[in-house]
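Have a look at the structure below before the remarks.
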Amino acid sequence: MRYLLITLAIAFLTGCSPAETPTPKPVLEIYTSSSTQPWLAELYQCADQSEVLLSISNRETADIYLRLGEPENLTSPSYKIDEEEILVVTHPQAGVSSLTLTQVQSIYSGQVLNWKEVGGNDEPIDVWVYAEGDDVQQVFNLNVMDGLKVASSARLAVSPERMSDAVGNNPGAIGILPRRWKMGNTHEIFIASETPVLAMTGAEPKGGLLTLLSCLQK
């Protein structure tokens, strides 16, 4: 009987003791350029494996920032997690199957204004670009324009999705797309570059951020 009472007392005390509080997962702030949004799914997958939580932030305060290609004056630690091709695409009505580097430069600098000048249909060329600070535009300027200025008559797309829509819906249009964003009524005519997909951090990674980066690089 005495043994039974002691056993019951221990069981009662054990049941009443507070449950151990789980350690909260660290939260990492992330930012992606519009061109690197296709890598978000992989980023969240790696976060689950790395026992961290992700929160969308702005570019200035993000712990990790995904973009295509190296920015000018790179000062932050950066890590290659993939590669992406940058394509020059047209509306099918342009009537060209491919272009040379010189022809692309001539079109984007405003020296060539009609598709018939480069073997296409008699159709005015409708040039589309991104804002100057956009990562895709920076890669294009560096690898294709080589110091040449883009024509002031070029029209502006705010994202790869808008670029795809603009080119696909405008006969005679030409634009720039990462391969993962090529869709709809667009025709590939030139590969501008094969560029790294970079994960940039504000400081040397450690802890959950380091684990996350290691997962992304696999």
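Here are the numbers for the structure shown:
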quantity: Failed item in (1) over 26 Å from Gln103 (Cβ atoms); (2) in contact with a Leu (Cβ under 6 Å, 6 or more places away or on another chain), with Thr195 passing the rest; calculated: (1)
quantity: Any hit, the stretch 192-200, residues being more than 18 Å from Asp82 (Cβ to Cβ), in contact (Cβ under 8 Å) with a residue 12 or more places away in the chain and not small (Gly, Ala, Ser); calculated: no
quantity: Qualifying residue in the stretch 128-150 (condition: hydrophobic (A, V, I, L, M, F, W, C) and without any contact (Cβ under 8 Å) to a residue 40 or more places away in the chain); calculated: yes
quantity: Selection status of Ala166, surrounded by 18 or more Cβ atoms within 10 Å (Cβ to Cβ) and either in a helix (DSSP H, G or I) or within 14 Å of the chain's Cα centre (by Cα) (or both); calculated: yes
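Here's the yes/no breakdown for (1) out of contact with any Gly (no Cβ under 8 Å at 6 or more places or on another chain); (2) hydroxyl-bearing (Ser, Thr, Tyr); (3) at pLDDT 90 or above:
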| site | (1), (2), (3) |
| --- | --- |
| Ala11 | yes, no, no |
| Thr23 | yes, yes, no |
| Ser34 | yes, yes, yes |
| Pro38 | yes, no, yes |
| Glu51 | no, no, no |
| Glu60 | yes, no, no |
| Asp63 | no, no, yes |
| Asp82 | yes, no, yes |
| Val96 | no, no, yes |
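The values are calculated or read from the model by the stated rules, or taken from the named source; none is laboratory data. Everything numeric here is computed off the predicted structure, so don't read it as measured data. All Cβ positions, glycine included, derive from the backbone under ideal geometry; neighbour counts span all protein chains shown.
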